[in-house]
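The block underneath contains the structure these notes are about, expressed in structure tokens.
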Amino acid sequence: MHYYGRETNHMGNASELKLDPRAQCVECHSFVDLRPVFHRVEDMMRVLGFPFEDILAVQLAFREAAANAVRHGNCLDMCKRVDVRYLVTPDEVVLEVEDEGPGFDPTQVPDPFAAGGADRFKRLGLFLMRAHMNWVSFNAQGNRVTLGRRRSAL
């Protein structure tokens, strides 16, 4: 179980996926560029027989991380890129999304349920990523998030 605000770093060093020769790397500039990557990850998970709940969880967290990178990190600037790296194995899915923005401090993002008002929905993305993945980690700059989910028991 993940608790909001608690970081879990499974890989020890989030940059390891960048160095893993098995990882797929894609450069994107917009939401349109990201769509085929979402489908590729989902297709790979289906081929490897991941349960539907895992596929849904990964897609939700992956899309949220990518949307945050395009919208908040790169401020919708199509000249800036979002680097996506992913590795789908029979036991685990690891995704890395890195933008060219200045980054942020994930520990400073307030709990979306602590404060009322319509503004709380703007803070749900990080909560959803943490809730649906087994582990989430950020680089020191805060412009790269690495997400991991292990295969659920059938």
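The values are calculated or read from the model by the stated rules, or taken from the named source; none is laboratory data. Since this is a predicted model, take the numbers as computed values, not measurements. Cβ: placed from backbone, ideal geometry, glycine included. Neighbour counts: every protein chain shown.
So, of the residues in region 20-30 that are in contact with a helix residue (DSSP H, G or I) (Cβ under 6 Å, 6 or more places away or on another chain) and not in a loop (DSSP other than H, G, I, E, B), which turns out to be farthest from residue 86 (Cα to Cα)? Can you show your working first?
The initial filter retains those residues of region 20-30 that are in contact with a helix residue (DSSP H, G or I) (Cβ under 6 Å, 6 or more places away or on another chain), namely 23, 26, 28.
Right, trim to not in a loop (DSSP other than H, G, I, E, B) and you get 26, 28.
Working: 26: 9, 28: 13 Å.
For region 20-30, the residue satisfying everything is 28.
Note down all Cβ pairs under 7 Å where the first residue falls in region 21-36 and is more than 21 Å from residue 77 (Cβ to Cβ) and of a type in the set (Gly, Ala, Ser), the second is surrounded by 15 or more Cβ atoms within 10 Å (Cβ to Cβ) and at pLDDT 95 or above, and they're at least six residues apart or on different chains.
Between residues of region 21-36 that are more than 21 Å from residue 77 (Cβ to Cβ) and of a type in the set (Gly, Ala, Ser) and residues that are surrounded by 15 or more Cβ atoms within 10 Å (Cβ to Cβ) and at pLDDT 95 or above, the close pairs are 23/85; 23/86; 23/87.
Scanning region 33-47 for residues that are of a type in the set (D, E, K, R) and surrounded by 17 or more Cβ atoms within 10 Å (Cβ to Cβ), which turns out farthest from residue 129 (Cα to Cα)?
Filtering region 33-47 down to residues of a type in the set (D, E, K, R) leaves 33, 35, 40, 42-43, 46.
Those still in the list that are surrounded by 17 or more Cβ atoms within 10 Å (Cβ to Cβ) too: 33, 42.
Details: 33: 21, 42: 17 Å.
Among them, the one singled out is 33.
So for region 48-59 (the condition being of a type in the set (A, V, I, L, M), in a loop (DSSP other than H, G, I, E, B) and surrounded by 12 or more Cβ atoms within 10 Å (Cβ to Cβ)), does at least one residue qualify?
Taking every residue of region 48-59 in turn, at least one turns out to be of a type in the set (A, V, I, L, M), in a loop (DSSP other than H, G, I, E, B) and surrounded by 12 or more Cβ atoms within 10 Å (Cβ to Cβ).
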